[in-house]
2 protein chains.
Amino acid sequence: MAQISESDAGGSSSLSKAVHILKDLAAHSVEGVRLIDLARRLNLSQPSAHRLLKTLIAEGMVEQMSDSKSYRLSLEFFSIASQASRREGILEIARPSLLRLSATFNDTVFLLVRSNFDAICLDRVEGPFPIRSFTGDIGGKVPLGIGQGSIAILSYLPEEEREAIIKFNMPRIMDRAAIDEVDLRIKIEEVRRIGAAQMNFEMIEGMAGLGVPVLDRNGIAVASLSIGTLASRLTEMRSSTITDLLKSEARAISNKLNPFDPTLRYPASALRAQSKS
Amino acid sequence: MAQISESDAGGSSSLSKAVHILKDLAAHSVEGVRLIDLARRLNLSQPSAHRLLKTLIAEGMVEQMSDSKSYRLSLEFFSIASQASRREGILEIARPSLLRLSATFNDTVFLLVRSNFDAICLDRVEGPFPIRSFTGDIGGKVPLGIGQGSIAILSYLPEEEREAIIKFNMPRIMDRAAIDEVDLRIKIEEVRRIGAAQMNFEMIEGMAGLGVPVLDRNGIAVASLSIGTLASRLTEMRSSTITDLLKSEARAISNKLNPFDPTLRYPASALRAQSKS
DNA sequence: TCTAGTATTCCGAATTATGGACTTTTTTTA
DNA sequence: TAAAAAAAGTCCATAATTCGGAATACTAGA
């Protein structure tokens with residue numbers, strides 16, 4: 001699954017390897033990872049992998065299961081991350097919307113957030129039907145351009161940025177979906193016209209979905225709200241109601257998100273006073 | 001705040017520094033962190049800090065805010081971290097119980113999990129009253145021995161381990177609560193007798209709580225279920241009902257956790273087949 | 001008990017990180 | 001608005017750290 005990723009351009013280092021290790025551990029967090037498998041998957045020598053793991057353990061990011069010798073991410077890692085009070089952020093703000101939507105439609109609802117060239121699934125509320133989606137579970141990533149939520153975001157990025165992303169992502173997209181650049185551009189135009197991304201053609205058999213962007217104050221997408229459901233359940237009528245509700249929740253989130261985003265709006269100097277060590 | 005931590009014993013490395021950077025970024029995630037401040041706080045030369053940050057950015061763990069030049073953790077980091085909490089699946093398994101409990105009592109319910117010498121709050125469902133707890137929000141940590149949920153776990157660890165923890169944690173505990181070792185040991189015995197930890201003496205004024213352990217098949221605590229409420233609401237009668245319900249939910253979780261905990265019970269070989277790269 | 005297959009440790013070779021000095025950019029002050 | 005100050009980012013010779021082959025210690029299965 002998780003490739004070594006990216007062009008190895010320039011500053012490779014032991015740190016990169018360590019990060020790859022963390023990612024690999026995350027990808028196999030349930031069963032844990034054995035040293036050998038890790039080393040093989042990431043093309044590391046066994047001693048190197050071992051040394052890095054040892055350091056990561058010393059730093060509390062990783063732990064070794066006592067039964068088997070397998071390694072996995074430590075909870076402290078999770079704890080550190082959640083300490084980062086991005087908590088005040090979109091996740092908490094959006095959660096009530098997700099719950100409302102899920103309860104209203106009896107479908108699975110997703111919150112995707114843009115991260116560079118990808119959309120990351122930040123939250124997900126399950127409906128009663130088992131849904132297969134591109135993003136997979138919370139934490140999953142898709143290239144911008146695949147799936148409704150993801151396309152909804154892509155469609156509402158500044159043109160220049162969008163172009164760059166399309167250029168970069170097109171190969172990745174074609175790799176995973178039967179779409180070419182023309183299809184994608186047509187789709188984007190449609191999304192911008194309607195304000196929502198609907199999947200007519202089924203990219204996963206039997207599945208369908210609908211996504212709308214969550215915009216910042218400049219009208220640029222930072223996230224998206226989407227639902228995934230059985231294709232048979234997405235009739236014309238339902239689909240229009242759903243779109244409306246998604247849009248209104250997205251707007252609600254935008255409003256809560258925007259009024260004060262100090263990290264973006266205020267001159268950096270104004271904040272600095274607080275951060276005396 | 002965040003110290004450079006620990007004895008610098010043995011394997012120091014650039015990786016350690018990188019981890020310190022990540023922790024520092026986590027601690028200052030609201031405003032973002034400037035290169036200089038980071039370097040000063042962590043005793044790094046500016047070029048080193050810069051180089052490490054560059055690598056972390058290349059790996060997608062960190063991003064640079066475009067307005068100021070400050071750095072902060074990227075969403076991908078959070079994405080990886082959230083995988084860490086999914087390890088045992090206990091989060092998903094326990095959530096329904098939390099919801100039920102919270103709905104039944106109208107109080108705040110916590111799921112704590114053991115992590116080395118601490119208990120980490122993995123999940124928390126809010127009741128209508130604002131509750132202050134030791135663990136704080138999701139992701140928060142307390143030393144094992146402080147608070148009901150935490151004591152519930154401590155009480156059901158193997159004796160030897162428990163002793164080691166008490167020895168290690170006692171200073172940290174006394175630092176934060178008016179309890180000495182004798183009090184703690186008496187408390188633990190009581191918990192083991194009753195099967196639940198109840199806070200009679202109020203450690204946070206006006207607050208009270210009740211916690212029960214979630215045991216693995218060997219009767220060792222891996223987590224705890226607890227509620228936090230106003231002291232005035234924890235009458236004798238309520239308290240006994242609540243205890244019963246907590247216990248029954250804890251047992252339910254245990255059962256779901258145990259019958260198939262492949263990572264623990266099955267010969268490692270049985271699992272390996274699946275984990276072909 | 002023996003025999004893989006792994007995990008862990010050692011250690012000399014060499015690749016990599018390091019920080020002083022320098023350039024560029026941003027912010028503050030006059 | 002310009003000049004000064006502060007911070008960000010870059011370069012490079014030096015020094016230290018990482019690297020991986022090989023040896024050793026475990027562990028599970030036969």
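Throughout, read-outs are computed from the coordinates displayed, never taken from laboratory work. If you're wondering where the values come from, they're calculated on a predicted model, not measured in any experiment. Every residue, glycine as well, gets a Cβ built from its backbone with ideal geometry; the counts of neighbours run over all protein chains shown.
Taking amide H atoms as placed 1.01 Å from N in the peptide plane, the amide H of A:A119 lies under 5 Å from those of A:V142, A:L144, each 5 or more residues away in sequence or on another chain. Here the stretch B:165-234 and the stretch B:22-77 have alpha carbon centers that stand 38 Å from each other. For the segment A:117-123, counting C-beta atoms of other chains within 10 Å of every residue's C-beta and taking the mean gives 3.
Expressed as a whole percent, the proportion of Cα-Cα pairs in the stretch A:88-201 lying more than 25 Å apart is 21%. If you take all other residues with their beta carbon under 14 Å from the beta carbon of B:N169, and give Lys and Arg +1 and Asp and Glu -1, the sum is +1.
The local environment of B:L157, defined by Cβ-Cβ distances under 12 Å, has a net charge of -2 under the rule Lys, Arg +1 and Asp, Glu -1. Legend: mean number of C-beta atoms from other chains within 10 angstrom of residue C-beta atoms, peptide B:33-40, equals 1.
In terms of packing, defined here as the mean over residues of other Cβ atoms within 10 angstrom, the peptides B:135-147, B:54-66 line up highest first as B:135-147, B:54-66. Among the GluC sites (Glu not before Pro) within the stretch B:83-137, those in coil by DSSP and having at most 15 neighbouring Cβ atoms inside 10 Å are B:E126. Our estimate of slack between A:S66 and A:D180, defined as 0.36 nm per intervening residue step minus the Cα-Cα distance, is 36.1 nm. Given the stretch B:70-146 reduced to its alpha-carbon atoms as identical point scatterers, what log10 I(q)/I(0) does the Debye formula return at q = 0.15, 0.19, 0.25 Å⁻¹? Values returned for q = 0.15, 0.19, 0.25 Å⁻¹ are -0.61, -0.90, -1.19.
Packing, as the average of other Cβ atoms within 10 Å across residues, places the peptides A:26-37, A:156-167 in the order A:26-37, A:156-167, highest first.
Relative protection proxy for A:108-117, A:245-254, from highest mean packing down: A:108-117, A:245-254 (other beta-carbon atoms within 10 angstrom). Taking 37 °C and 0.692 mPa s as conditions, the stretch B:31-104 diffuses translationally at an estimated 222 µm²/s according to Stokes-Einstein applied to its Kirkwood radius (Cα pairs).
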